[in-house]
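The values are calculated or read from the model by the stated rules, or taken from the named source; none is laboratory data. Just so it is clear, the structure is predicted and the values come from calculations on it, not from any experiment. Please note: Cβ atoms are built from the backbone with ideal geometry, for glycine as well, and neighbour counts cover all protein chains shown.
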Amino acid sequence: MSLPSVSPPSTAKSESPSLVRGLSLLDSVLLLVGGIIGSSIFLTAKDIAGPLPHPVLFLLVWVLGAGISLLGCTAFAELGSMFPDSGGQYVYLREAYGDLPAFLYGWMLFSVANGGTIAALSVASAAYLGGIVPAISQEHVLFAAAGIVLTRAHIVALVAIFIVTWINVVGLRWGTVLQNLATWAKFAAMAAFVILGFAIGKGDWHHFVAAPGQSLSLGLSSGQLVSAFGVALIAVFWAYDGWVYITWVSGEVKDPRRNVPRAMVLGVVAVGIIYVAMNMTYVYALPLGEIAKHEIIAHSAAVALFSPAAAVWLSALIAVSCFGAMASCTMSGARVYFAMARDGAFFQKMAEVHPKWRTPAFSLIGQGIWGAVLTLSGRYDQLYTYVMFGMVLSYTLTVIGLFILRWKRPELPRPYRCTGYPWLPAIYVLIGGAWTLNTIITRPTEAFWGAAIVSIGVPGYLYWKRLSRNAPRIS
């Protein structure tokens with residue numbers, strides 16, 4: 001089926017349809033918040049209560065995670081005000097370091113990070129939904145061979161990917177409405193959990209008091225305490241990951257030089273407040289010693305506060321949360337591959353804007369197909385673990401890029417300038433660099449395979465760049 005034709009305009013530059021700047025500040029904040037809050041807030045408390053078994057430290061690390069994320073956000077916000085284009089971080093890396101590093105970042109997103117996120121969140125949403133509707137649960141295995149297991153939950157996940165992709169293809173407004181509704185539903189459910197938990201839940205305020213004789217230092221040396229915080233921050237960084245999404249859709253944000261920086265700061269602050277409130281509810285429900293034993297803390301806290309029947313609506317909350325995060329990732333990620341293709345560094349078809357719907361339709365479809373492939377493969381969680389250190393490294397390199405661009409491109413307009421420059425972004429660079437180095441040392445296997453996955457993109461880059469020399473660039 002061919003795409004509908006449009007009448008030729010008067011100028012050559014306007015022959016190709018362009019994306020629509022239709023995202024308001026509120027849309028942008030909801031996109032960022034919806035993308036960050038997925039499944040991690042319901043799972044990670046165990047990994048934090050273990051190394052930091054003190055109520056104050058347990059909650060403090062969530063505040064610290066928000067603060068560190070804000071350090072990165074303020075640097076990204078200046079870059080976003082300089083380059084209000086689709087692709088966001090890909091564009092910042094390209095301008096600071098050149099085409100190859102930027103391509104490898106985009107390749108990492110497409111091959112594993114975003115594709116794996118879409119697959120993992122869609123399967124997680126279907127799995128939790130299966131806890132409410134047993135007919136679609138993971139217990140119903142349809143196919144199992146060669147290490148691949150296909151269940152009814154996987155079929156539901158594939159349907160979800162198709163629906164979300166198609167809604168985003170047929171228009172930015174439709175995709176925004178879907179993402180906003182999912183995020184508001186998530187807010188309402190989490191607010192009910194927190195408010196009802198403290199109002200009528202069977203919790204205990206004594207859980208916020210440290211055990212007799214337990215100090216804030218936990219009896220550890222300063223070095224050991226810093227190390228314990230570092231271990232806890234691994235889970236916290238994962239929980240806050242996703243604040244970069246809004247930069248990817250900068251080309252469709254209204255007044256992006258103002259609204260992108262605002263959305264990043266407001267979004268991370270909102271997420272920080274939500275995360276602290278949720279974790280306070282967990283502590284009210286269970287002592288930290290118990291929290292450290294439960295994999296799905298939200299389920300255990302709901303049972304302790306209310307009753308075993310609460311597990312049903314808690315499963316619904318997690319399903320909605322995962323679905324909303326998947327919708328945000330779907331909308332945002334496709335804009336990165338769109339920007340890569342327009343640079344002649346990816347499948348050229350992905351550079352096209354649909355003439356009727358004004359969306360990067362082929363980039364969305366390609367992303368959806370690959371996400372479905374990873375869903376069927378069942379390898380998305382392992383692959384994402386491999387590139388997690390690469391994601392944090394990319395954030396660190398981008399913040400370093402702020403320093404480079406201050407030197408290389410001082411003439412560019414900067415409606416927003418990074419707060420606390422150069423000291424605050426330098427602190428982020430030190431923290432991000434130390435975390436990445438620690439990951440390479442403590443998890444060398446994951447770091448090696450992550451580097452290998454990224455390196456596989458080099459031949460692709462050379463191929464597409466050679467191909468682009470003989471093809472007209474879409475402007």
Scan region 255-263 and tell me whether some residue there is farther than 29 Å from TYR92 by Cα, touching a Leu at 6+ places or on another chain (Cβ under 9 Å) and not aromatic (Phe, Trp, Tyr).
no
Sort through ALA292, ALA311 and tell me the only one that's among the aliphatic types (A, V, I, L, M) and farther than 16 Å from LEU59 by Cα.
ALA311
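Given the options PHE58, PHE76, PHE103, name the one that is in contact (Cβ under 8 Å) with a residue 24 or more places away in the chain and over 21 Å from the mean Cα position of the chain (by Cα).
PHE58
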So which of PRO410, PRO415 ends up being surrounded by fewer than 18 Cβ atoms within 10 Å (Cβ to Cβ), in contact (Cβ under 8 Å) with a residue 40 or more places away in the chain and either over 24 Å from the mean Cα position of the chain (by Cα) or not in a helix (DSSP H, G or I) (or both)?
PRO415
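Test VAL336 against the criterion of being under 30 Å from GLY22 (Cα atoms) and surrounded by fewer than 24 Cβ atoms within 10 Å (Cβ to Cβ), and give yes or no.
Spelling it out, it is not the case that VAL336 is under 30 Å from GLY22 (Cα atoms) and surrounded by fewer than 24 Cβ atoms within 10 Å (Cβ to Cβ).
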Filtering region 241-251 for residues that are surrounded by 24 or more Cβ atoms within 10 Å (Cβ to Cβ) and over 13 Å from the mean Cα position of the chain (by Cα) leaves a count of 2
Can you confirm whether region 134-154 contains a residue that is under 22 Å from ILE296 (Cα atoms) and assigned to a strand (DSSP E or B)?
yes
With (1) more than 20 Å from LEU93 (Cβ to Cβ); (2) more than 22 Å from the chain's Cα centre (by Cα) as the list, and ALA434 as the residue in question, which single condition is left unmet?
(2)
Is it fair to say LYS202 is surrounded by 16 or more Cβ atoms within 10 Å (Cβ to Cβ), touching a residue at least 60 places away in the same chain (Cβ under 8 Å), closer than 30 Å to HIS54 by Cβ and in contact with a helix residue (DSSP H, G or I) (Cβ under 9 Å, 6 or more places away or on another chain)?
no
Being farther than 17 Å from ALA325 by Cβ, in a helix (DSSP H, G or I) and of a type outside the set (D, E, K, R) narrows ALA192, ALA185, ALA210 down to just ALA192
Some residue of region 357-377 being in a loop (DSSP other than H, G, I, E, B), modelled with pLDDT of 90 or more and hydroxyl-bearing (Ser, Thr, Tyr)
yes
For the structure I just gave you, tell me whether TRP238 is touching a residue at least 60 places away in the same chain (Cβ under 8 Å), surrounded by fewer than 15 Cβ atoms within 10 Å (Cβ to Cβ) and out of contact with any His (no Cβ under 6 Å at 6 or more places or on another chain).
no
If a residue must be of a type in the set (A, V, I, L, M, F, W, C) and not in a helix (DSSP H, G or I), how many such residues does region 71-96 contain?
1
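Is it the case that SER122 is of a type outside the set (Lys, Arg), over 20 Å from the mean Cα position of the chain (by Cα), under 18 Å from ILE318 (Cα atoms) and modelled with pLDDT under 95? Outline the logic, then answer.
Details: of a type outside the set (Lys, Arg): yes; over 20 Å from the mean Cα position of the chain (by Cα): no; under 18 Å from ILE318 (Cα atoms): yes; modelled with pLDDT under 95: yes.
In short, no.
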Count of residues meeting criterion [hydroxyl-bearing (Ser, Thr, Tyr) and more than 14 Å from ALA66 (Cα to Cα)] in region 421-436
2
Just checking, does region 321-339 include any residue being without any contact (Cβ under 8 Å) to a residue 40 or more places away in the chain, out of contact with any Asp or Glu (no Cβ under 6 Å at 6 or more places or on another chain) and in a helix (DSSP H, G or I)?
no
Index of the failed condition, GLN367 passing every other in (1) farther than 30 Å from LEU150 by Cβ; (2) surrounded by 16 or more Cβ atoms within 10 Å (Cβ to Cβ)
(1)
Given (1) at pLDDT 80 or above; (2) exposed (fewer than 15 other Cβ atoms within 10 Å of the Cβ); (3) not in a helix (DSSP H, G or I), where does LEU216 come up short, assuming only one miss?
(1)
Quick one: count up the residues across region 446-471 that are of a type in the set (Gly, Ala, Ser), in a helix (DSSP H, G or I) and surrounded by fewer than 13 Cβ atoms within 10 Å (Cβ to Cβ).
2
Going through region 424-437 one residue at a time, which ones are surrounded by fewer than 16 Cβ atoms within 10 Å (Cβ to Cβ) and more than 12 Å from GLY72 (Cα to Cα)?
ALA434, LEU437
Residue satisfying all of: in region 342-365; touching a residue at least 40 places away in the same chain (Cβ under 8 Å) and in contact with a Phe, Trp or Tyr (Cβ under 6 Å, 6 or more places away or on another chain); nearest to LEU178 (Cα to Cα) among these
PRO360
Within region 170-186, the residues that are in contact (Cβ under 8 Å) with a residue 40 or more places away in the chain and either touching a His at 6+ places or on another chain (Cβ under 7 Å) or among the aromatic types (Phe, Trp, Tyr) (or both) are TRP184
